[in-house]
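Worksheet: one structure, shown below.
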Amino acid sequence: MKLSIYLLFFCTTVFAQADYPKDYFRSPLDIPMQLSGNFGELRPNHFHAGFDIRTQQKEGLKVYAVADGYVSRIKISTFGNGKTIYINHPNGYTSVYGHLKMANGEIENYIKKTHYKEESFEIEMFFKPNEMVVKKDDIIAFSGNTGSSEGPHLHFEFRDSKTEFIINPMLFGYNKFLKDTKKPIISGVYVYPLDSKTTVNSSKRPLLLNVSLQKDGTYLSDKVVANGSIGFGISAYDTDDVSFNNNGVYKVQSFYNGKPNFGYEFNTYSFDDMRYINALIDYSRYKKMQQRVQKLFMKTPYNLSFIQADENKGVLQVTPNLASLYRIEVSDFFGNKKTIAIPIKYEVLPTVISKEPVQSNYFVRANKDSNFALGNMSVFFPAGTFYEDFDLNFDVKNDTLFLHDDTVPAHTNFTVSIEDTKSTEEQRQKMFIGRIDGKKVSYNPTYIKDSVFNTKVKILGKYALVADTVAPKISIAVPVEGKWISAQKTIQLSIYDELSGIKTYNGYLNGKWILFEYDNKTRKLTHYFTDGFDVDGANELKVVVTDNVGNSTIFATRFFRSQKK
């Protein structure tokens, strides 16, 4: 039955791949394709939704519409994909272009008009099919480094226009733009004892297994000697012949005594799947060591759509009188495959390495609501907040809530509440619940009911009430007060807020609102004089920056410009 389910899934996947048009879409750039990130790659709190295409460490490369269609959406954000264009195509798919420097032609003109209409840099627009038509090969934009990009590149992805499911660009024939003859790399294989009675090679903690290369090109692991429930995990990455960096793997499949028991392919998935990455990986290890180990089992089942598992969800029961063999296969889209065999033997060995101690005073059941309170602080976990049951450390000391630590991942929001009867109403307006990480304080949107502060968060750790009475800082690198700056194409300011963070920023030139583009990475505000709001002679600039609790700073200066060419 297990094998039949797997074969059904395999056949369905093959036929589904054949349905995608292979020669319909072009490359979005006119340079050789190199990837700095591929589809499904493991990222913080999400799977990567497309390709990150290198742009030769430059901005301003021409970005082309990959097929006929219409611009269906434009989003300008200081985070995420930054400046992003979405194009709907008549064959039912949407192409997405992110981290753009700017759009081109009619599209850029519309964006600029909308900025000024809404008096905001961060905007989002939606269009009907006949409003902004584009043709294949049209230059729609220029590549950049906006949003949360860590360097110049183009984020490119495909979606199903109706369902919004994200689709691997390889399925549309984009493998023809790359060359890959290299096998994926499995840099680590781990075995996990999954209950308190189980030992693995005399350990009650996860162990890294030694592997050796065999004559046939496969790998063989040291024998696993265990009793009870165990599971395996891998640390793996993939490379190709042209991209020169480590990317994510495409397919993982494990077999127990020849039968498939856990696997996944990165073909397509929904945005609802994204945060389940924290269930798929060994999250605690990731937070402690910054190493992502993909678990090939579900200790507690979770709803990640593309996982195919047997009735035991990849968990193995090691029993007496049965010699077993576990096999892991990791493949890329081009069919290059790495295989590791792991022999398993039943034996009860004395415990040499005991279970890692956990400081706790409460127990959380993942499938039930939980509410904990101490003094003036409390936390409420709705059912389904966590992936697994766990021992919780909960305490209040020196006006700080100690809520375990961030090695346990939360899937959904939970509520932290802190009552304050000491502060005045005026003082409360400048306060928020902050997450404390060493000397760093992270702002959380906070609402007040009577004297109780509440916030919804997704990270365990330390929380406390924080007062922010300091206004944001505004500075200019090159002062312009009283100067003629006719040759300058831009005026640039730096803005910063130490505690609650920047909420709004608005610039006014000669009394009129002007567009300042904000780069959160550099904390720079930039206005382009090509917008045409400067006048001949004296110009009065005012910039107002407000933080998340209402503290404001005004920067004002006066400069001169000549309109003569």
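The values are calculated or read from the model by the stated rules, or taken from the named source; none is laboratory data. Quick caveat, the model's predicted, so the values are computed rather than measured. Cβ: placed from backbone, ideal geometry, glycine included. Neighbour counts: every protein chain shown.
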If a residue has to be surrounded by fewer than 14 Cβ atoms within 10 Å (Cβ to Cβ), in contact (Cβ under 8 Å) with a residue 24 or more places away in the chain, of a type outside the set (Val, Ile, Thr) and in a loop (DSSP other than H, G, I, E, B) to count, how many in region 316-346 make the cut? 3
Within region 257-282, restricting to residues that are among the hydroxyl-bearing types (Ser, Thr, Tyr) and crowded, with 21+ Cβ neighbours inside 10 Å, the one that is nearest to the chain's Cα centre (by Cα) is Tyr276
Tell me, yes or no, whether region 52-75 has at least one residue that is crowded, with 16+ Cβ neighbours inside 10 Å, over 29 Å from Phe334 (Cβ atoms), touching a helix residue (DSSP H, G or I) at 6+ places or on another chain (Cβ under 7 Å) and not assigned by TED's automatic domain parsing to the domain that holds Thr268. yes
Selected residue (only one of Ile340, Ile307 is more than 23 Å from Asp389 (Cβ to Cβ) and touching a strand residue (DSSP E or B) at 6+ places or on another chain (Cβ under 9 Å)): Ile340
When you check Gln427 against the structure, is it surrounded by fewer than 15 Cβ atoms within 10 Å (Cβ to Cβ) and either in contact with an Asp or Glu (Cβ under 9 Å, 6 or more places away or on another chain) or of a type outside the set (Asp, Glu) (or both), yes or no? yes
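Residue-wise test of (1) assigned by TED's automatic domain parsing to the domain that holds Ser331; (2) of a type in the set (A, V, I, L, M).
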{"residue": "Gly173", "(1), (2)": "no, no"}
{"residue": "Val191", "(1), (2)": "yes, yes"}
{"residue": "Thr199", "(1), (2)": "yes, no"}
{"residue": "Tyr219", "(1), (2)": "yes, no"}
{"residue": "Phe232", "(1), (2)": "yes, no"}
Considering Ile87, Ile31, which residue is surrounded by 20 or more Cβ atoms within 10 Å (Cβ to Cβ) and either assigned to a strand (DSSP E or B) or modelled with pLDDT of 95 or more (or both)? Ile87
Please work out if Asp406 is outside any strand (DSSP E or B), in contact with a strand residue (DSSP E or B) (Cβ under 6 Å, 6 or more places away or on another chain), surrounded by fewer than 20 Cβ atoms within 10 Å (Cβ to Cβ) and not aromatic (Phe, Trp, Tyr). yes
Could you tell me how many of the residues in region 352-380 are surrounded by 13 or more Cβ atoms within 10 Å (Cβ to Cβ), more than 32 Å from the chain's Cα centre (by Cα) and of a type outside the set (A, V, I, L, M)? 1
Name the residue that is surrounded by the most Cβ atoms within 10 Å (Cβ to Cβ), counting only residues in region 430-464 that are at pLDDT 95 or above and small (Gly, Ala, Ser). Gly434
From Ala477, Ala464, which residue is among the aliphatic types (A, V, I, L, M) and touching a residue at least 40 places away in the same chain (Cβ under 8 Å)? Ala464
Where residues in region 187-244 are of a type in the set (Val, Ile, Thr) and in contact with a Lys or Arg (Cβ under 6 Å, 6 or more places away or on another chain), which of them is nearest to Ser354 (Cα to Cα)? Val225
What is the one condition in (1) in a strand (DSSP E or B); (2) at pLDDT below 95; (3) among the acidic types (Asp, Glu) that Glu157 does not satisfy? (2)
Selection from region 433-464 of residues touching a helix residue (DSSP H, G or I) at 6+ places or on another chain (Cβ under 9 Å) and in a strand (DSSP E or B) yields Ile448, Phe453
Can you find even one residue in region 284-304 that is at pLDDT 95 or above, closer than 26 Å to Phe390 by Cα, surrounded by 19 or more Cβ atoms within 10 Å (Cβ to Cβ) and of a type in the set (D, E, K, R)? yes
Among (1) in a loop (DSSP other than H, G, I, E, B); (2) more than 26 Å from Gly501 (Cβ to Cβ), Lys113 falls short only on (1)
Criterion first (within 27 Å of the chain's Cα centre (by Cα) and assigned by TED's automatic domain parsing to the domain that holds Leu220) does Asn312 satisfy it? no
